[in-house]
Number of protein chains: 4
Amino acid sequence: MPETTDKLVIAGREFNSRLMVGTGKYADYPQMVAALEASGAEIITVAVRRVNISDRNKESLLDHIDLKKYTLLPNTAGCYTADDAIRTCRLAREAGLSDFVKLEVLGDEQTLFPDNQELLKAAEVLVKDGFTVLPYTSDDPIICKRLEDLGCAAVMPLGAPIGSGLGIRNPYNIRIILDTVKVPVIVDAGVGTASDAAIAMELGCHGVLMNTGIAGAQDPIAMAEAMNLAVRAGRLAYRAGRIPMKLHASASSPITGLIK
Amino acid sequence: MPETTDKLVIAGREFNSRLMVGTGKYADYPQMVAALEASGAEIITVAVRRVNISDRNKESLLDHIDLKKYTLLPNTAGCYTADDAIRTCRLAREAGLSDFVKLEVLGDEQTLFPDNQELLKAAEVLVKDGFTVLPYTSDDPIICKRLEDLGCAAVMPLGAPIGSGLGIRNPYNIRIILDTVKVPVIVDAGVGTASDAAIAMELGCHGVLMNTGIAGAQDPIAMAEAMNLAVRAGRLAYRAGRIPMKLHASASSPITGLIK
Amino acid sequence: MPETTDKLVIAGREFNSRLMVGTGKYADYPQMVAALEASGAEIITVAVRRVNISDRNKESLLDHIDLKKYTLLPNTAGCYTADDAIRTCRLAREAGLSDFVKLEVLGDEQTLFPDNQELLKAAEVLVKDGFTVLPYTSDDPIICKRLEDLGCAAVMPLGAPIGSGLGIRNPYNIRIILDTVKVPVIVDAGVGTASDAAIAMELGCHGVLMNTGIAGAQDPIAMAEAMNLAVRAGRLAYRAGRIPMKLHASASSPITGLIK
Amino acid sequence: MPETTDKLVIAGREFNSRLMVGTGKYADYPQMVAALEASGAEIITVAVRRVNISDRNKESLLDHIDLKKYTLLPNTAGCYTADDAIRTCRLAREAGLSDFVKLEVLGDEQTLFPDNQELLKAAEVLVKDGFTVLPYTSDDPIICKRLEDLGCAAVMPLGAPIGSGLGIRNPYNIRIILDTVKVPVIVDAGVGTASDAAIAMELGCHGVLMNTGIAGAQDPIAMAEAMNLAVRAGRLAYRAGRIPMKLHASASSPITGLIK
């Protein structure tokens, strides 16, 4: 199967790119637009709070995004309760944004870890309400299974805390999540550099979502291109079937366990 | 500086691609040719032992490589002494192959680690003899400095043993080597998958050389393309300036040291 | 503060040893008794399900444990719902075992990950019911904070899945948990060898609980002694204040971030 | 085999402790003496340069070390050539110190990496000269084999650069060295905290040598005790036979390769 026919499918919608990017923290809109372009992303997430929904005559983030080109994924960044997140999603839908939503319910202003109890409550209501829900969650296989059972269209476990740049801190949990759920697994948060994105894909994840890793780089546009290439590289490598790890070429068997 | 003007320069020769690939272990020549093409490599290394130097009428590896397109880098794979390696390089030059050589002197048939004592002897003779010498060596900063002092055009420390697929096992040493020598540092050996290649480039290395990682993959052509993208991704990310690593986004300072 | 006065304090009770051990998976009772002794542990956890509570005339695990010497910590292993775990704790208390309990509510028979939603429900009821609750949970700072807020006497995040032997897979999360809660943090599950236990203590954890790592070793009694020494070594090293990590001795500043 | 009969044997001499410690960098002699005592070490290494060999009437490091209790291992710290190291060893022997020597020939003042070419030259001369030679070297299996072939009584590969505190940066190479040589393998340099020492022993090394990790800690005496316990813990765990690593307890097979 060539790269061009290897689609990401979420809730029946097909995408060529497996990289999803955010729209925050850029120096200005032209920089953001150029970075989105360089990333090759087709799905762009925007914080509903940052869109002037009530007064669309004022300048808005959305004025700068070509909505014919990108699929908008409104998110509930800044929500700390299920109620707040549900209200935010409904507001976004009423304003005509989308019913395809990235659901975030944060538990802590400092670490920005998800509050999975509130997340599950919000996901249940929103799925029943007809939303296509992509929840940002912990790398916890049990929570991911619950989210799938509630009808979420994908699960988005964190690789590391939002904005940390630490990469996939627990690939073992991501591997178990991949063994546990059938919906797409999108690593969301923690990617700091290109190899982190490649590693997520090599693990077998279906996509990667990032914002700070690109927007916070010294040259966000170059980093966006790096991430574009890295996600494709990691996906190709996953599909190509890597060589086994061995202590050296003439070792008779693959390495068993980590060597410490 | 856009990607197109970011050249690899070795001994005054400029290359667009930072990925160098080997020619061994492929199922057949057409597969090799397709993988070379997909890798985007400009420098191709061939074991002098595998070229029918003495009888160029017989079929040879070289019949399958477009010598207008690729720069040939003959290597001394299979040599275990300085004398043998020196003889092999001279043979290659006499046969018109090239005076641009990858110098390997192995210390052990099992692990294929370099014998750095013999390597230094061979490098000294070959440099004086007018060869452009690229030595495969350990990730040892002192040896790398000696090789540079002898006049080698680059140093090629291993990431991990040949054929192991273990990636860059000691990025700390690679970092110290980058601080120590002025010639290009090319990671040679150990790359198992795309992220390994990206990591080498993110460390600041100037290039990556690999063979088994591509030729031994289940789909060598797809893996060659993955490596092509990964090397470019890693280089771009290195140049783009990644975000610092922090325990979480609101941590006041970058992480100091590994967390164990 | 010498080692002898560095006590572990849980809910006002003082312990000299920071190692807690389980009682399952031994070849026979004499082996278990010898391993408990070698471990130096003062707190011993037993699955309520394995004690013949209803008929104390039959042979029971408890017949082999010197209850004057060890503090018993009954656990709810094998419970998959809050109700089941609550019932089990009450049964244990009625049978005179203890009101000091290790609360486990599992989410999955395969991976033995905790079900944190059910755990929170059970913890709330049991704390109100007068139990001293030590919950086995994920390495999720938000859940750990909720458990503390509910009145749990400690939190016991997993280092890795039960029985995996993978060590502390995400020391970053453990570090954040240590920054987040004030109750003792006991790493529970995942320890495979001595250095894993030392690492948990060096991170600043207050204790470690393990079972398979000892009982499943080829020589459980020797491994129990190894864990005894390792927990003490790790705690001492944490208190002694280790040297900073640097690329080499004359590097002017500590390493910032992981090197990849 | 109980811990008490598990001896370290070097050149026919038996030792109960597998921890060797240095004598530099302490605040004062009483602190050094207390740390040596707490470490449980039987072999103490001293830089010949720091002993007033020429004028034994002046105060000397040796005045503070109980030579009935400890085996002295003079070292050639500060030597950058084979000649210098050979001269230093002979001086030590003439002064009656010992013919049991730790051979260091450094390649670089900054990183303190060994110069393996000079090391091999010095080792050859000193072995012929009747010294029992323990060489500090790189984690390079080929060099370690050469040193064994020359007649060295042990090999002492670095875990990481001297004074770096980075632990065992390349356990894969240490494992290969253990497969390659028959003499004892002592990890020398790089240990920063207790778990590093435990890991060295769990790999199967025969001993650990350290100085900065203890002397540079905030409380060197507590850290010396931590290292004492950690080396014993790691050795016991190695001999006890740890459980295999698995993704989770019910995984049917051990983990193959690193998960990235």
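Structure notes:
- You will find that of A:LEU126, A:LEU106, the residue that is more than 15 Å from the chain's Cα centre (by Cα) and touching a residue at least 40 places away in the same chain (Cβ under 8 Å) is A:LEU126 and no other.
- Scanning region B:148-162 for residues that are farther than 14 Å from B:VAL101 by Cα and either crowded, with 24+ Cβ neighbours inside 10 Å or among the aliphatic types (A, V, I, L, M) (or both) yields a total of 7.
- From the options C:GLU14, C:GLU104, residue that is within 18 Å of C:VAL191 (Cβ to Cβ), in contact with a strand residue (DSSP E or B) (Cβ under 8 Å, 6 or more places away or on another chain) and of a type in the set (Asp, Glu): C:GLU104
- Residues that are more than 7 Å from every other protein chain (Cβ to nearest Cβ) and either at pLDDT 95 or above or touching a Leu at 6+ places or on another chain (Cβ under 9 Å) (or both) within region C:233-252 comprise C:ARG235, C:TYR238, listed in sequence order.
- Restricting region D:178-200 to residues that are more than 12 Å from the chain's Cα centre (by Cα) and surrounded by 23 or more Cβ atoms within 10 Å (Cβ to Cβ), the residue that is farthest from the other protein chains (Cβ to nearest Cβ) is D:ASP196.
- Subset of region D:28-62 (residues that are at pLDDT 95 or above, touching a helix residue (DSSP H, G or I) at 6+ places or on another chain (Cβ under 9 Å) and part of a loop (DSSP other than H, G, I, E, B)): D:GLY40, D:ALA41
- Residue count, region C:129-140 (criterion: in a loop (DSSP other than H, G, I, E, B) and more than 14 Å from chain D (Cβ to nearest Cβ)): 5
A quick yes/no check of all residues on (1) under 25 Å from C:ASP219 (Cβ atoms); (2) within 14 Å of chain A (Cβ to nearest Cβ); (3) in contact with a Phe, Trp or Tyr (Cβ under 6 Å, 6 or more places away or on another chain); (4) without any contact (Cβ under 8 Å) to a residue 24 or more places away in the chain:
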{"residue": "C:LEU36", "(1), (2), (3), (4)": "yes, no, no, no"}
{"residue": "C:GLU42", "(1), (2), (3), (4)": "yes, no, yes, no"}
{"residue": "C:THR45", "(1), (2), (3), (4)": "yes, no, no, no"}
{"residue": "C:SER60", "(1), (2), (3), (4)": "no, no, no, yes"}
{"residue": "C:ASP66", "(1), (2), (3), (4)": "yes, no, no, yes"}
{"residue": "C:LEU72", "(1), (2), (3), (4)": "no, no, no, no"}
{"residue": "C:ALA82", "(1), (2), (3), (4)": "no, yes, no, no"}
{"residue": "C:LEU91", "(1), (2), (3), (4)": "no, no, no, no"}
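- Considered as a group, the residues in region A:150-177 that are more than 18 Å from A:MET227 (Cβ to Cβ) and either facing chain B (nearest Cβ under 8 Å) or within 13 Å of the chain's Cα centre (by Cα) (or both) include one that is modelled with the lowest pLDDT, and that residue is A:PRO161.
- For A:ILE143, the criteria (1) in a helix (DSSP H, G or I); (2) within 21 Å of B:MET201 (Cβ to Cβ); (3) among the β-branched types (Val, Ile, Thr) hold in every case but one, which is (2).
- Filter result for B:PRO135 (crowded, with 24+ Cβ neighbours inside 10 Å, in contact with a Leu (Cβ under 7 Å, 6 or more places away or on another chain) and either in contact (Cβ under 8 Å) with a residue 40 or more places away in the chain or of a type in the set (Phe, Trp, Tyr) (or both)): no
- Filtered residues of region B:1-17 (kept if hydrophobic (A, V, I, L, M, F, W, C) and either within 14 Å of chain A (Cβ to nearest Cβ) or not in a loop (DSSP other than H, G, I, E, B) (or both)): B:MET1, B:LEU8, B:VAL9, B:ILE10, B:PHE15
- Number of the exception - B:ALA215 against (1) in contact with a helix residue (DSSP H, G or I) (Cβ under 8 Å, 6 or more places away or on another chain); (2) surrounded by fewer than 21 Cβ atoms within 10 Å (Cβ to Cβ): (2)
- The listed residues are C:ALA35, C:ALA27, C:ALA11, C:ALA47, and the only one of them that is more than 23 Å from C:VAL181 (Cβ to Cβ), aliphatic (A, V, I, L, M) and within 16 Å of the chain's Cα centre (by Cα) turns out to be C:ALA47.
- Region D:218-227 - residue that is over 11 Å from D:VAL191 (Cβ atoms) and more than 7 Å from chain C (Cβ to nearest Cβ) and, of those, surrounded by the most Cβ atoms within 10 Å (Cβ to Cβ): D:ALA224
Every residue, every condition in (1) crowded, with 18+ Cβ neighbours inside 10 Å; (2) under 25 Å from C:PRO114 (Cβ atoms), yes or no:
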| residue | (1), (2) |
| --- | --- |
| C:GLY12 | no, no |
| C:THR81 | no, yes |
| C:ARG93 | yes, yes |
| C:LYS102 | yes, yes |
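- Unmet requirement for D:ILE174, which otherwise passes all of (1) surrounded by 22 or more Cβ atoms within 10 Å (Cβ to Cβ); (2) closer than 22 Å to D:CYS79 by Cβ; (3) of a type in the set (A, V, I, L, M, F, W, C): (2)
- Applying the set (1) over 29 Å from A:ILE162 (Cα atoms); (2) within 13 Å of chain A (Cβ to nearest Cβ); (3) out of contact with any Pro (no Cβ under 6 Å at 6 or more places or on another chain) to B:ALA230 leaves exactly one unmet item: (1).
- Taken over region B:108-132, the criterion of being at pLDDT 95 or above, farther than 29 Å from B:ASP66 by Cβ, of a type outside the set (S, T, N, Q) and surrounded by fewer than 24 Cβ atoms within 10 Å (Cβ to Cβ) is satisfied by B:GLU118, B:LEU120, B:LYS121, B:GLU124, B:VAL125, B:VAL127, B:LYS128.
- Matching residues, region A:109-142, being over 25 Å from C:PRO161 (Cα atoms) and touching a helix residue (DSSP H, G or I) at 6+ places or on another chain (Cβ under 8 Å): A:LYS121, A:ALA122, A:ALA123, A:VAL125, A:LEU126, A:ASP129, A:PHE131, A:VAL133
- B:ASP108 being part of a helix (DSSP H, G or I), at negative phi and not aromatic (Phe, Trp, Tyr): no
- For region B:186-199, the criterion of being touching a Lys or Arg at 6+ places or on another chain (Cβ under 6 Å), at negative phi and touching a residue at least 40 places away in the same chain (Cβ under 8 Å) is satisfied by no residue at all.
- Checked against the criteria, B:PHE100 does not count as within 14 Å of chain A (Cβ to nearest Cβ), among the aromatic types (Phe, Trp, Tyr) and touching a residue at least 40 places away in the same chain (Cβ under 8 Å).
The values are calculated or read from the model by the stated rules, or taken from the named source; none is laboratory data. Nothing here was measured: the structure is a model prediction, and the numbers come from that model. All Cβ positions, even for glycine, are placed from backbone atoms using ideal geometry, and neighbour counts span all protein chains on display.
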